[in-house]
Amino acid sequence: MSPPAISLLSVSLSLQGNAGPVDILHGITLDVNRGETLALVGPSGSGKSSLLMLMGGLELASSGTITALDHDLSAMNEDELARFRRDHMGVVFQSFHLIPTMTALENVATPLELAGHVDAFTRAEAELAAVGLSSRADHYPSQLSGGEQQRVALARAAAPRPDILLADEPTGNLDTSTGAQIIDLLFGLRAAHGATLVLVTHDAALAARCDRVLHLRDGRIADRAEAAQ
């Protein structure tokens, strides 16, 4: 059996607040299998997004170890983590995070160029076509609807053919119909590239589409009975 795509062992996270340290996550131990789709669910403040950020090396654990694709994220510095994400991960945020001075095509192609891909614009064009935005490639984010901006963000995340896709409330800023289209695209891109997908969501229907649903409460993994209380 192949090793997990992501593995967390006794991981805790504390952040400094105005009144002192705040404990966010407590002793999380978790394996995410390669090719698995995993939904992180739970009430606001339960630690879902923080857990996702730890998996992507976007936040550093206070204790414990995190490995992704057999690489110890806990031992990497910021530059090493950035290179690892560039080469192996795609991240989709609720707020799109597009560069406003770049066209849709440039937003998708630029990370590929920085990673040294000589076919960056060709690949970017193909990914925009895959999300139905060929005709909008030369438009800037301000000229795109929210759904179109999230499609660009999906294309940007999928273009490097990542081993791992991380999505934090990818439909949170979208209406129901547009959100459903984005989710269909997200799962389609994941299937096309065989990626492991971990997503944070409040949407029970979206969570049900995943292979596994993980409930969090008060910074801990809760079993189903506890989570339902």
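Below, the figures for the structure above:
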item: Per residue accessible area in Å² of the stretch 81-229, where ligands, DNA and RNA are left out and the probe is 1.4 Å; result: 46
item: DSSP beta bridges in the chain [antiparallel fraction, %, rounded to 5]; result: 55
item: Semi-axis lengths (Å, descending) of the ellipsoid that matches the C-alpha gyration tensor of the stretch 1-76; result: 23, 15, 9
item: GNM result for the chain, Cα springs below 10 Å: residue of Pro43, Pro21, Pro111 fluctuating most strongly; result: Pro21
item: Carbon plus sulfur fraction of accessible area for the chain, probe 1.4 Å, in percent; result: 49
item: Cα-Cα pairs of the stretch 183-226 separated by more than 13 Å (percent); result: 61
item: Alpha-carbon spread of the chain, three principal axes, descending order, Å; result: 48, 45, 37
item: Dimensionless Rg ratio for the stretch 130-200, taking C-alpha atoms and the 2.2 N^0.38 Å reference; result: 1.06
item: Solvent-accessible surface (1.4 angstrom probe) belonging to Val213, in square angstrom, nearest 10; result: 40
item: Computed [θ] at 222 nm, helices only, for the chain once each DSSP H run of length n ≥ 4 contributes -39500 (n - 2.57); result: -10500 deg cm²/dmol
item: Candidates Gln94, Gln143, Gln16: whichever shows maximal mean-square fluctuation once the chain is modelled as a Gaussian network with Cα springs under 10 Å; result: Gln16
item: Rg/Rh ratio calculated on Cα atoms of the stretch 73-190 (Kirkwood radius); result: 0.96
item: Dipole magnitude of the stretch 109-229, debye to nearest 20 (Cβ charges: Lys/Arg +1, Asp/Glu -1, about Cα centre); result: 180
item: Rg over Rh, two decimals, the stretch 16-132 (C-alpha only, Kirkwood Rh); result: 1.01
item: Dimensionless Rg over Rh [the stretch 107-150; C-alpha; Kirkwood]; result: 0.99
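The values are calculated or read from the model by the stated rules, or taken from the named source; none is laboratory data. Note that the structure is predicted; figures quoted are calculated from it, not measured. In this analysis, Cβ positions are derived from the backbone assuming ideal geometry, glycine residues included, and neighbour counts consider all displayed protein chains. Keep in mind that these areas ignore ligands, DNA and RNA; they rest on the heavy atoms of the full protein, side chains included. Shrake-Rupley method; radii C 1.70, N 1.55, O 1.52, S 1.80 Å.
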